[in-house]
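Take a look at the structure below.
The values are calculated or read from the model by the stated rules, or taken from the named source; none is laboratory data. These numbers were taken from a predicted model, which means no experiment stands behind them. Neighbour counts run over all protein chains shown; Cβ positions are idealised from the backbone, glycine included.
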Amino acid sequence: MPLAASGNGQPREIWVDHDGGWEDIAAIAILLRSPDIRVMGIATTPGIADPKTAAARLGELLAALQIKDIPLNPDFPNRSEILATGPLTRIAQMLSKGKEPKSLTWMGGSLKPKVEWNAGANAKATRAVFQARFPLTMCPLDLTDQFPSDASFAGSSATRVVAEIRKAYGEPQRYLWDELAAASLAAPGLFEKQTMQLTAYKRGEIRKGTRPVEVLTRCDRPGFQALLAASLRF
């Protein structure tokens with residue numbers, strides 16, 4: 001089966017902002033292996049992993065896929081399409097410089113009365129993004145909590161980076177957070193979404209508000225798992 005099936009006919013140019021977890025690396029693999037996505041640059045924002053660890057993990061992935069030509073830690077250009085899988089620090093910095101994304105897909109937030117980690121890690125940045133008006137798609141815990149990880153999802157590849165992802169997938173209380181956000185770009189036909197009016201409050205909690213946000217609400221489980229497995233088969 002094809003790795004992705006967006007049906008748009010042209011590769012979608014995506015800039016990636018990640019924070020170095022193995023879930024981020026798996027998400028980047030989904031984009032890099034999709035024929036419908038062209039990754040324009042990959043930046044690291046401090047978050048779940050320290051910068052040295054994040055850089056090493058990304059380097060392992062790029063080496064395994066024999067990719068050498070993607071700019072690392074670039075300044076995202078104005079009107080770029082971005083996938084963010086960590087705190088929104090870099091996106092808020094863009095806004096402070098008078099630039100804004102053409103669109104942002106973000107793994108973060110929760111519609112439940114709780115503060116999701118990415119949203120709370122830099123709540124000021126989260127509030128800045130929710131005060132802006134560029135198109136925002138949110139992959140919240142409400143969706144990702146339906147998709148616990150399992151070591152079998154990473155297949156049997158002996159490649160070290162895949163082995164590390166497989167090990168991470170076997171940890172308790174782990175879900176396919178960033179992978180779902182990336183898949184929504186690589187294979188949007190697998191997802192359903194709903195437009196909601198939301199805002200971000202002081203601690204990063206997401207509540208009803210006035211900002212239009214496309215919220216991912218459902219995902220075709222077999223299709224997503226097949227996409228993930230194919231993306232990690234290297």
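Just checking, does region 84-92 include any residue being on the phi > 0 side of the Ramachandran plot, modelled with pLDDT of 95 or more and of a type in the set (S, T, N, Q)? No: region 84-92 contains no residue that is on the phi > 0 side of the Ramachandran plot, modelled with pLDDT of 95 or more and of a type in the set (S, T, N, Q). Checking each residue in region 164-215 for being over 20 Å from Glu81 (Cα atoms) and hydroxyl-bearing (Ser, Thr, Tyr) picks out Tyr169, Tyr175, Thr199, Tyr201, Thr210. If you filter region 33-61 down to residues that are touching a residue at least 24 places away in the same chain (Cβ under 8 Å) and part of a helix (DSSP H, G or I), you find that the one that is nearest to Ala229 (Cα to Cα) is Leu61.
Residues are listed down the side, and each one gets a yes or a no for (1) surrounded by 22 or more Cβ atoms within 10 Å (Cβ to Cβ); (2) more than 19 Å from Glu179 (Cα to Cα):
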{"position": "Ile28", "(1), (2)": "yes, no"}
{"position": "Val39", "(1), (2)": "no, no"}
{"position": "Pro51", "(1), (2)": "no, yes"}
{"position": "Ala55", "(1), (2)": "no, no"}
{"position": "Glu60", "(1), (2)": "no, no"}
{"position": "Ile70", "(1), (2)": "no, yes"}
{"position": "Asn73", "(1), (2)": "no, yes"}
{"position": "Ser80", "(1), (2)": "no, yes"}
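Say we look at region 143-154 and pick out the residues that are buried (at least 17 other Cβ atoms within 10 Å of the Cβ) and either more than 21 Å from Trp106 (Cβ to Cβ) or not aliphatic (A, V, I, L, M) (or both); which of these is nearest to the chain's Cα centre (by Cα)? The extreme case among them is Thr144. Across region 94-117, which residue is surrounded by the fewest Cβ atoms within 10 Å (Cβ to Cβ) among those that are closer than 15 Å to Val16 by Cα and in contact with a helix residue (DSSP H, G or I) (Cβ under 9 Å, 6 or more places away or on another chain)? Only one residue fits best here, namely Glu100.
Within region 172-234, considering only strands (runs of 3 or more DSSP E) that don't extend past its boundaries, which have at least 2 residues that are β-branched (Val, Ile, Thr)? Once the strands (runs of 3 or more DSSP E) in region 172-234 are filtered for at least 2 residues that are β-branched (Val, Ile, Thr), what remains is 191-200, 211-219. Quick check: is even one residue across region 174-193 over 30 Å from Ala128 (Cα atoms), among the aromatic types (Phe, Trp, Tyr), surrounded by 15 or more Cβ atoms within 10 Å (Cβ to Cβ) and modelled with pLDDT of 95 or more? No: region 174-193 contains no residue that is over 30 Å from Ala128 (Cα atoms), among the aromatic types (Phe, Trp, Tyr), surrounded by 15 or more Cβ atoms within 10 Å (Cβ to Cβ) and modelled with pLDDT of 95 or more.
Quick one: would you say Glu171 is farther than 21 Å from Arg33 by Cα, modelled with pLDDT of 95 or more and loosely packed, with under 15 Cβ neighbours inside 10 Å? Considered against the rule, which asks whether it is farther than 21 Å from Arg33 by Cα, modelled with pLDDT of 95 or more and loosely packed, with under 15 Cβ neighbours inside 10 Å, Glu171 comes out as yes.
Among the residues of region 7-32, those that are hydrophobic (A, V, I, L, M, F, W, C) and either free of Cβ contacts under 8 Å to residues at least 12 places away in the same chain or part of a strand (DSSP E or B) (or both) comprise Ile14, Trp15, Val16.
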